[in-house]
């Protein structure tokens with residue numbers, strides 16, 4: 001019964017979404033306050049209905065209601081509760097429902113927390129959001145009904161795919177969706193701006209927090225997914241340039257570019273046409289990602305539902321939204337007036353540099369991801385484009401970008417002083433260079449790129465620190481005054497520095513992969529295996545029983561100089577319900593590096609195949625992403641970004657880049 | 001004039017970056033793209049030893065043999081031709097005789113291949129699309145649909161690839 005109400009709620013949500021896609025938009029074109037006023041209650045209603053439907057499905061999973069096909073296929077009564085809940089989105093139908101829930105959530109958030117947004121813009125934005133919601137609700141109801149019943153309910157379910165029975169499933173998909181579905185609202189804002197014909201600094205100020213929010217979650221989602229793949233797949237890899245990973249990386253690259261150019265638009269009202277374009281592109285890439293992931297047109301190491309009919313439907317949605325928004329863009333964008341002027345060497349100039357390289361990098365990822373599809377359609381030849389392609393294109397495009405990361409924040413708006421910026425960054429660049437040279441000398445004969453990457457990383461981190469330090473203490477002054485300035489400095493300045501430093505930290509982790517050690521061997525219990533600075537000893541192979549699996553555990557000691565520093569327990573699990581074997585890697589973090597052991601086949605002579613890694617500094621890859629996200633959150637908490645709060649935070653006099661106050665009176669006032 | 005010249009600078013630098021990116025892409029596409037062959041195609045096209053390839057098909061029944069320290073050999077077949085594959089590393093958990101497999105590596109002889117990564121989807125009902133297509137071409141495909149029943153946002157396949165970091 002509850003299930004039927006959930007299904008009904010979904011149908012009602014579609015009806016409301018259709019209302020939402022017509023009335024507020026019509027109202028915003030006719031400037032009719034009554035019609036525009038429908039936007040808020042309707043989008044909140046839609047959110048409530050979708051949330052109710054989602055809760056119904058979750059309830060069915062938790063209660064193990066095996067009369068539901070979705071539950072039968074993805075749950076087992078012995079499964080721990082957390083996986084029963086995570087299992088809701090561990091399948092195609094539930095995952096799409098989560099997609100729509102987050103879409104509705106962002107609409108609802110704009111309705112709730114957007115009283116400062118001009119009513120015309122808000123109504124049009126929610127209207128466009130309604131269009132997206134209608135399309136995807138229709139998709140769910142027509143092709144992927146999560147509430148379908150089975151005629152003859154079985155006594156037991158088929159269990160969730162064992163590899164998905166991991167805490168990663170509980171965390172990664174919601175974060176990732178909050179990120180890339182979150183960009184839907186930015187897309188809606190852009191389309192709304194084109195429809196209402198008003199694009200100004202105020203628009204950028206309303207959009208920036210949402211872009212920042214989505215970006216922060218996307219960063220966390222990608223990092224979490226990468227770590228999850230790292231510890232479950234058992235290859236010790238964290239990024240495979242797989243189509244599914246690229247599908248989330250592309251919106252991230254475009255979103256990062258968008259974040260940087262909204263700040264230009266907000267402060268200087270320049271780059272309007274480009275900002276709107278990027279806003280559309282970012283969400284288009286999210287849609288493309290959804291299509292690639294859901295249609296299964298590309299072979300991925302990650303597993304997803306692949307159903308041609310569903311793929312076609314999403315392709316249709318993709319075509320309508322991307323085609324429609326670009327048509328709107330082509331029609332309306334020429335009417336936008338050019339904004340503020342700036343010299344090539346200026347904060348704006350640096351941000352343009354950022355945008356050029358990020359977009360180019362994003363485009364190469366797009367080409368590499370879609371090229372196999374295009375070639376197969378044209379010539380029938382099957383190819384795969386893997387890591388070598390991306391390393392060769394993405395790497396060189398990122399280096400000029402990374403070199404400028406610390407320079408940008410230390411240039412003034414409008415007209416910057418390159419020499420001054422270079423002077424300010426001398427120490428950071430010098431130390432970075434020194435690190436690279438020393439490392440090159442110490443590890444002679446080793447990889448060349450690793451020391452260079454590490455040097456660049458050090459330069460970026462120190463550059464970010466320098467920027468904050470110089471803002472707090474531009475000239476010798478007492479500690480008291482510095483503290484005073486520290487309080488006055490806007491949080492977004494700290495956020496920027498933190499995010500940039502996080503980028504450096506991640507880069508350092510990536511660079512250090514060059515110094516990793518890997519061994520594949522048949523290991524005899526009791527015999528030590530040398531692995532970088534450590535020795536590994538498998539002390540015994542023990543059978544164990546888990547809640548819904550049986551496993552063989554290889555108790556392993558990690559020794560350094562004869563002393564045991566850690567114990568790990570890599571295992572091989574056999575899940576009874578699907579008769580499936582899953583290797584569970586044994587990982588221990590030592591310092592910032594990790595020892596990683598994954599098991600293979602056991603042989604008759606008592607040996608077991610194992611794959612062992614020593615990965616120095618590897619944890620920095622994900623720590624860096626956390627720092628980036630923290631920077632995003634800190635920026636988001638800046639009072640200047642709070643919607644409806646137009647009063648600017650006081651800025652300490654004479655801080656290096658004197659940002660100009662916004663030229664435009666905010667419509668929020 | 002100033003606005004115009006600045007715009008010109010902006011556009012020309014954008015074109016320069018785009019050109020750079022396009023050049024890199026074309027260069028990389030020429031050199032680092034890997035072709036996919038089924039066993040019959042492999043025999044017909046006879047790629048030179050040292051060529052980097054992906055091959056796919058079914059793991060021939062009774063062909064799997066351990067030949068040394070974490071090294072195995074098996075045959076990839078489409079039931080008309082076979083390719084012997086040697087691989088050092090851990091086989092994916094769902095690697096089984098009679099199941100679909102994709103291996104990436106280099107050609108070492110007329111019907112021999114040294115793989116550095118082996119990919120087998122964990123779901124029994126699933127078959128890598130290339131393998132399914134290759135088998136269909138050979139008329140070896142009976143199953144109604146190759147679509148997987150499991151969907152998930154996340155890493156959910158078993159695979160092995162020692163060269164990938």
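Kindly evaluate residue A:530 against the criterion of being away from chain B (no Cβ under 14 Å) and in a strand (DSSP E or B).
Answer is yes for this residue.
Here's the yes/no breakdown for (1) assigned by TED's automatic domain parsing to the domain that holds residue B:118; (2) over 21 Å from the mean Cα position of the chain (by Cα); (3) modelled with pLDDT under 85; (4) closer than 30 Å to residue A:608 by Cβ:
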position	(1), (2), (3), (4)
B:12	no, yes, no, no
B:79	yes, no, yes, no
B:87	yes, no, no, yes
B:95	yes, no, yes, yes
B:98	yes, no, yes, yes
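Return the only residue of A:516, A:532 being on the phi > 0 side of the Ramachandran plot and touching a strand residue (DSSP E or B) at 6+ places or on another chain (Cβ under 9 Å).
A:532
What residue, among those in the stretch A:371-395 that are touching a helix residue (DSSP H, G or I) at 6+ places or on another chain (Cβ under 7 Å) and in a helix (DSSP H, G or I), is surrounded by the most Cβ atoms within 10 Å (Cβ to Cβ)? Give the steps one after another, and end with the answer.
Here is the first cut: in the stretch A:371-395, the ones touching a helix residue (DSSP H, G or I) at 6+ places or on another chain (Cβ under 7 Å) are A:371, A:381-385, A:389-390, A:392-394.
Then keep just the ones that are in a helix (DSSP H, G or I); that gives A:371, A:389-390, A:392-394.
On the way: A:371: 17, A:389: 25, A:390: 22, A:392: 18, A:393: 28, A:394: 22.
Ranking the candidates gives A:393 first.
Among A:92, A:61, which is crowded, with 24+ Cβ neighbours inside 10 Å and touching a strand residue (DSSP E or B) at 6+ places or on another chain (Cβ under 9 Å)?
Testing whether each residue is crowded, with 24+ Cβ neighbours inside 10 Å and touching a strand residue (DSSP E or B) at 6+ places or on another chain (Cβ under 9 Å) leaves just A:61.
Taking residue A:522, is it part of a helix (DSSP H, G or I) and either exposed (fewer than 15 other Cβ atoms within 10 Å of the Cβ) or touching a residue at least 12 places away in the same chain (Cβ under 8 Å) (or both)?
When the stated conditions are applied, residue A:522 does not pass them.
Checking the structure you have, find out if any residue of the stretch A:565-574 is within 14 Å of chain B (Cβ to nearest Cβ), at pLDDT 90 or above and in contact with a helix residue (DSSP H, G or I) (Cβ under 6 Å, 6 or more places away or on another chain).
No: zero hits.
Being buried (at least 16 other Cβ atoms within 10 Å of the Cβ), without any contact (Cβ under 8 Å) to a residue 60 or more places away in the chain and closer than 20 Å to residue A:429 by Cβ is the filter here; which residues of the stretch A:466-482 pass it?
Within the stretch A:466-482, just A:468 meets the criteria.
When the stretch A:333-358 is examined, which residues are found to be over 25 Å from the mean Cα position of the chain (by Cα) and either modelled with pLDDT of 90 or more or not in a helix (DSSP H, G or I) (or both)?
Residues satisfying the conditions are A:336, A:337, A:338, A:339, A:340, A:341, A:342, A:343, A:344, A:345, A:346.
Return only the number of the condition from (1) more than 29 Å from the chain's Cα centre (by Cα); (2) crowded, with 22+ Cβ neighbours inside 10 Å that residue A:603 does not satisfy.
Among (1) more than 29 Å from the chain's Cα centre (by Cα); (2) crowded, with 22+ Cβ neighbours inside 10 Å, residue A:603 violates only (2).
Could you grab me the full set of residues in the stretch A:578-592 that are buried (at least 17 other Cβ atoms within 10 Å of the Cβ), more than 17 Å from residue A:522 (Cα to Cα) and within 14 Å of another protein chain (Cβ to nearest Cβ)?
A:578, A:580, A:581, A:582, A:584
If only one of B:36, B:74, B:42 is within 10 Å of chain A (Cβ to nearest Cβ) and buried (at least 22 other Cβ atoms within 10 Å of the Cβ), which one is it?
B:36
Taking the options A:330, A:257, name whichever one is out of contact with any strand residue (DSSP E or B) (no Cβ under 7 Å at 6 or more places or on another chain) and either outside any helix (DSSP H, G or I) or within 14 Å of chain B (Cβ to nearest Cβ) (or both).
Selected residue: A:257, the only one of A:330, A:257 that is out of contact with any strand residue (DSSP E or B) (no Cβ under 7 Å at 6 or more places or on another chain) and either outside any helix (DSSP H, G or I) or within 14 Å of chain B (Cβ to nearest Cβ) (or both).
Looking at A:501, A:486, can you tell me which residue is assigned to a helix (DSSP H, G or I), surrounded by fewer than 20 Cβ atoms within 10 Å (Cβ to Cβ) and not assigned by TED's automatic domain parsing to the domain that holds residue A:219? I'd like the intermediate steps shown before the answer.
Numbers: A:501 fails: surrounded by fewer than 20 Cβ atoms within 10 Å (Cβ to Cβ).
The match here is A:486.
The values are calculated or read from the model by the stated rules, or taken from the named source; none is laboratory data. Keep in mind the model is a prediction, meaning the values are calculated, not measured. No Cβ is skipped: glycine too gets one built from the backbone with ideal geometry, and neighbour counts run over all protein chains shown.
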